[in-house]
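The values are calculated or read from the model by the stated rules, or taken from the named source; none is laboratory data. Please read these numbers as outputs of a predicted model, since none were measured by experiment. All Cβ positions, glycine included, derive from the backbone under ideal geometry; neighbour counts span all protein chains shown.
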Amino acid sequence: MQSGKKIILGLDTSGAPLLVVAQQDAKTVVRRRSGMKQERLLFPAVNSALAAVGGTLQQVGRIFIVRGPGRFTGIRISLTFASMLKYLNHTEVRGATVFEVLKYQVEKSTAFQQWKKAHPDGVLGVVLHAFRQEYFLQIFDHSHSDPLWLSLEELQGRLDAFTRPLFLVGTGADKAPLNTFLKGSFAWARATDCVVRPDSLLALAQQDQFQAEALEPLYLKPARFELMNPQ
């Protein structure tokens, strides 16, 4: 981090509520704003968080953003904002997908670590609501399979067909717990690990592994859309 750049800023604008966290030295401030118009909510929330830690945009030395999947406009405003800080302030940028953030949170949990000891061949899966009765899925097996956009029926079918034990994290529509609409003998993450947390954004901002693709958005399309619209 460059001299004089003491603030770490974390943003999640991929969905509602918008999340902003700012940290300077030992002081951490969190701001959440409800609503779908993240483009209108971002700057007031950021300015409020920075003012509360006694800083300004010019003092942001590192920023961490959630780069998708989620609402198109929400993802774009984080990317644009981070790009602006990188250009104007030489701010260091880190970024990860929602899948990666939830994976990080769960793997640190006692529940997952105990489950992993009991199921050494088990793997972690992340399920997120996409649109109506459609969902995002990424299973973190040894090959780190690509994330998918599936209907609820397709999602349930893929989970049922998976032969290794699964530990699932994520939420459905309106943040509904996964076990309220998915059926199966899966292990379920605790509720606090199923949504992006401010402390996780700050922790991941310190990890250089999330620097390379920090400004690359993750936009997913339904598989049937890809079939109807081949490139």
inquiry  = Would you confirm, using the coordinates I've provided, whether Ser14 is of a type in the set (Ser, Thr, Tyr) and outside any loop (DSSP other than H, G, I, E, B)?
reply    = no
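Can you find a residue that is of a type in the set (A, V, I, L, M) and farther than 30 Å from Thr56 by Cα anywhere in region 96-114?
Quick first cut of region 96-114, residues of a type in the set (A, V, I, L, M) only: 96, 98, 101-102, 106, 111.
Now restrict to residues that are farther than 30 Å from Thr56 by Cα: 106, 111.
Yes, region 96-114 contains at least one residue that is of a type in the set (A, V, I, L, M) and farther than 30 Å from Thr56 by Cα.
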In region 18-29, anything over 16 Å from the mean Cα position of the chain (by Cα) and surrounded by 14 or more Cβ atoms within 10 Å (Cβ to Cβ) is listed as Ala22, Gln23, Gln24, Thr28, Val29
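Which one of Phe112, Phe72 is within 30 Å of Ile139 (Cα to Cα) and crowded, with 19+ Cβ neighbours inside 10 Å? Break it down stepwise before answering.
On the way: Phe72 fails: crowded, with 19+ Cβ neighbours inside 10 Å.
Among Phe112, Phe72, only Phe112 is within 30 Å of Ile139 (Cα to Cα) and crowded, with 19+ Cβ neighbours inside 10 Å.
Can you pull out the residues in region 17-34 that are outside any loop (DSSP other than H, G, I, E, B) and either on the phi > 0 side of the Ramachandran plot or not basic (Lys, Arg) (or both)?
Looking only at region 17-34, we keep the residues that are outside any loop (DSSP other than H, G, I, E, B), and these are 18-24, 27-33.
Result: Leu18, Leu19, Val20, Val21, Ala22, Gln23, Gln24, Thr28, Val29, Val30.
Residues checked against (1) in contact with a strand residue (DSSP E or B) (Cβ under 9 Å, 6 or more places away or on another chain); (2) under 30 Å from Thr28 (Cβ atoms); (3) free of Cβ contacts under 8 Å to residues at least 60 places away in the same chain:
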site	(1), (2), (3)
Glu153	no, no, yes
Leu159	yes, no, yes
Lys175	yes, yes, yes
Trp188	yes, yes, yes
Leu202	yes, yes, no
* Looking only at region 48-67, decide whether some residue is closer than 29 Å to Glu134 by Cβ and of a type outside the set (A, V, I, L, M, F, W, C). => yes
Of Leu150, Leu155, the only residue that is more than 17 Å from the chain's Cα centre (by Cα) and not in a strand (DSSP E or B) is Leu155
Here the residues within region 79-100 that are under 23 Å from Glu134 (Cβ atoms) and buried (at least 23 other Cβ atoms within 10 Å of the Cβ) are Ala96, Thr97, Val98, Phe99
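Listed residues Leu124, Leu79, Leu85, Leu102; which is under 22 Å from Gln207 (Cβ atoms), among the hydrophobic types (A, V, I, L, M, F, W, C), modelled with pLDDT of 95 or more and touching a Cys at 6+ places or on another chain (Cβ under 8 Å)?
Leu102
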